[in-house]
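Enquirer: Submitted below is the structure of interest, expressed as structure tokens.
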Amino acid sequence: MSSTPLTVRHPSKAIKGTVQLTGSKSESNRALIIQALSRGAVKVENLSAAADTVIMNKALALVDTSRETEETVMVDIGPAGTAMRFLTSYLNLAEGNFILTGTERMQQRPIGILVDALKTVGAAIDYEKKSGFPPLKIKGGMAQEKQRVSIQGNVSSQYLSSLLLIAASLEQGLVLEIAGELTSKPYVTMTLDMLQEAGITHTWTDNTIEISPQEFKPTTIYVEPDWSAASYWYAIVALSEEGKVVLPGLKAHSLQGDIAIMEMMTHFGVASSFQENGLHIAKVNQGSDKVLFDFKGCPDLAQTIVALAAAVRRDISITGVETLKIKETDRLSALKNELEKFGATIVADGETYHVKTKEAYAPNRITFDTYEDHRMAMAFAPLAMIFDEVTINDPIVVEKSYPDFWSHLRQQGFLISG
């Protein structure tokens, strides 16, 4: 993936406006799997416009037509990580034979833990190339052999969500034992809450989640706007000289773990209030001197907070970010590379990482690389509120989760060229 670099400036350094965010990618992709499993009983509204969701929708449509052929169907999900994890489970229940593959980077992202769990249940899955990694050869129409399965909880919550989404459609249901600490618990809770909205009940006792065989009920799932996308507007307001932004549709009681950005940004001088026309965020004088930020439940916020802290030359420490190493890129390594371009750095101390800003400075012009990672582009673009000119390489990566990002920046006074 490559595209012409974009240069971003904001001459006034002040912002005031309304931004209508796209639907949550996390909710949308779960809703699409639920809709497919329900065989039409569940409808979905306000789907995300993100490329990952478009890819998921197309993949499910392709799978739906696969019953018309006896040939092996190639399902290429490109760079869509959520689609890879969710379809790895879903395809076992579909009719047909499939090769599930993706980009070169996707073929470097581990999937073995999920595959092993599915094989325990009865799935027929083989590796086409390297053991433990995509592409996967999947034979649909799984005959369930076991009800109980154990899976690590500290690698990716998407593995758990993938299994939970298909649990009620299995002949025996599923008893899922979570081994060790659970990373990104809010995303597992989101999955279970959305299933419940569609009529699928569960029990969760200690480290065990049980879902019995059940039918989906007719319902409509409305996808809330994306709190991950909201995080970039929080950063913009925090970095502004004067900032007020309204984000319609966001809920005070959200299913999304990234609502944690609201509390985190209070420590950077951004206040939030829910009003009739949406969430209002505003720059205020009060902040805090909080140092340690834990991203165990919201790892997708880490890049936003780290880039912001480094730009304002504030030393912080972060934990709960080990999963960042297996995302679109090794996000911790990528962050370190880009921070060092303006004198900041990240130092590892076990599973805690320290952002050091003693040598940081404000360059007039700076160029950031994105590593085929949408969140790198959107975490560093807001720095145009504090640096004179920021150039983002390969800006098209934002299409993965927030395709309107650059047009929304333009609407709010950013000057973008390239």
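Enquirer: Using Cα-Cα distances under 8 Å and only pairs 6 or more residues apart, what relative contact order does region 25-222 have, in percent?
Expert: Answer for region 25-222 is 21 percent.
Enquirer: Something else: Residue-wise, which Karplus ³J(HN,Hα) couplings in Hz belong to region 354-368, taking 6.51 cos²θ - 1.76 cosθ + 1.60, θ = phi - 60°, and x for glycine or proline?
Expert: 10, 8, 10, 10, 4, 9, 5, 8, 9, x, 5, 9, 8, 10, 10
Enquirer: Can I ask one more? Within 10 Å of each candidate Cβ there may be at most 14 other Cβ atoms; applying that plus a DSSP loop requirement, which GluC sites (Glu not before Pro) in region 17-114 survive? Can you show the working numbers first?
Expert: Working: sites: 27, 45, 68, 70, 71, 95, 104; in loops: 70, 71, 95, 104.
The qualifying sites are 70, 71, 95, 104.
Enquirer: In debye, nearest 20: dipole of the chain around its Cα centre with unit charges on the Cβ of K, R (+) and D, E (-)?
Expert: 560
Enquirer: Which of the aspartates and glutamates could a cross-linker span from residue 146 if the Cα-Cα distance has to be under 16 Å and same-chain partners fewer than 8 positions apart are dropped?
Expert: Filter leaves 116, 171, 177, 210.
Enquirer: Kindly state, to the nearest 0.05, the FRET efficiency for residue 352 paired with residue 64, given R0 = 56 Å and r defined as their beta-carbon distance. Write out the running numbers ahead of the final one.
Expert: On the way: r = 46 Å, r/R0 = 0.82.
So the FRET efficiency works out to roughly 0.75.
Enquirer: Continuing with the same structure: Out of residues 5 or more away from residue 124 or on other chains, whose amide H comes under 5 Å of its own, with H placed 1.01 Å from N in the peptide plane?
Expert: For residue 124, whose amide H was placed from the backbone, the distant partners under 5 Å are 139.
Enquirer: Follow-up. Select from 253, 354, 202 the residue whose mean-square fluctuation is largest in a Gaussian network model of the chain (Cα-Cα springs shorter than 10 Å).
Expert: Highest fluctuation of the listed residues: 253.
Enquirer: Using Cα pairs closer than 8 Å and at least 6 residues apart in sequence, work out the relative contact order for the chain, in percent.
Expert: Here the relative contact order equals 20 percent.
Enquirer: Still on this structure: Tell me, what HN-Hα J-couplings in whole Hz come from the Karplus equation 6.51 cos²θ - 1.76 cosθ + 1.60 at θ = phi - 60° for each residue of region 84-93, using x for Gly and Pro?
Expert: Whole-Hz 3J(HN,Hα) from phi for region 84-93: 4, 5, 5, 6, 4, 7, 4, 4, 5, 9.
Enquirer: In a GNM of the chain with a 10 Å cut-off on Cα contacts, which of 282, 61, 238 has the highest mean-square fluctuation?
Expert: 61
Enquirer: Using the per-residue mean of other Cβ atoms lying within 10 Å as a proxy for protection, in what order, highest first, do the peptides 191-197, 378-384, 145-151, 400-406 fall?
Expert: 378-384, 400-406, 191-197, 145-151
Enquirer: Please check: in the Gaussian network model of the chain (C-alpha springs, under 10 Å), which one of 22, 189, 88 has the largest mean-square fluctuation.
Expert: Between 22, 189, 88, it is 189 that shows the largest mean-square fluctuation.
Enquirer: On to the next question. Mind putting a number on the dipole of region 214-278 about its Cα centre? Charges go on the C-beta only, +1 for Lys and Arg and -1 for Asp and Glu, and I need it in Debye to the nearest 20.
Expert: Result for region 214-278 is approximately 120 debye, rounded to the nearest 20.
Each reported figure results from applying straightforward, stated rules to the coordinates on display, with no laboratory input. Not measured: the values here are computed from a predicted model. Cβ coordinates were reconstructed from backbone atoms using ideal geometry, including for glycine residues, and neighbour counts include every protein chain displayed.
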